[in-house]
1. Could you tell me whether Val18 is at pLDDT 95 or above, under 15 Å from the mean Cα position of the chain (by Cα) and under 25 Å from Lys136 (Cβ atoms)?
2. Residues being under 20 Å from Val120 (Cβ atoms) and of a type in the set (Ser, Thr, Tyr): count how many of those fall in the stretch 20-54.
3. Go through the stretch 78-88 and count every residue that is farther than 11 Å from Leu38 by Cβ and loosely packed, with under 13 Cβ neighbours inside 10 Å.
4. Might you let me know whether the stretch 74-81 holds any residue that is of a type outside the set (Gly, Ala, Ser), in a helix (DSSP H, G or I), at pLDDT below 85 and more than 27 Å from Leu22 (Cβ to Cβ)?
5. Suppose we keep only residues that are in a loop (DSSP other than H, G, I, E, B) and β-branched (Val, Ile, Thr) within the stretch 6-30. Which one would you say is surrounded by the fewest Cβ atoms within 10 Å (Cβ to Cβ)?
6. Could you tell me whether any residue of the stretch 32-43 is loosely packed, with under 13 Cβ neighbours inside 10 Å and at pLDDT below 95?
7. Assess whether Ser97 counts as being at pLDDT 95 or above and among the polar types (S, T, N, Q).
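The values are calculated or read from the model by the stated rules, or taken from the named source; none is laboratory data. The structure presented is a predicted model; accordingly, all values stated were derived computationally and were not measured. Here the Cβ positions follow ideal geometry from the backbone for every residue, glycine too, while neighbour counts run over all protein chains shown.
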Amino acid sequence: MGRLLAIDFGTKRTGIAVTDELQIIASGLTTVDTKELLNFLKQYTSEENVELFVVGEPKQLNNQASQSEVAIIPFLEKLAKAIPSIPVVRVDERFTSKMAFQTMIDSGLKKNQRKNKALVDEISATIILQSYLYNKA
């Protein structure tokens, strides 16, 4: 089995989370400057066995695609060309940023630590991946 890798795409930075090789536990990996995302993914997938990309799908409350989707579609096209051997699935990511922020509060992070948007993105990617794992089971 290979790892699953989740992407919480953002126009400035992107949160990344991965599973273990048995696909049991989702863990935050890092946050990457979005300009470097494809290079990061190529490097990571050359070193690790990744079976699937799980990409957040931002939606509005009425289930329509959010504005962020405009930036994600071109990225997905580039990803498919750069790493065609790894399929992509999309997962609804509504409320993941709020859930990530609440996770930071619940874990006892101080106020100035909770201002770290990169950490919020990484936790959001982890929530997206955990959601995929839960719904897959």
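1. yes
2. Within the stretch 20-54, residues that are under 20 Å from Val120 (Cβ atoms) and of a type in the set (Ser, Thr, Tyr) number 4.
3. 3
4. No.
5. Ile24
6. No, there is no match, as no residue in the stretch 32-43 is loosely packed, with under 13 Cβ neighbours inside 10 Å and at pLDDT below 95.
7. So Ser97 fails the test.
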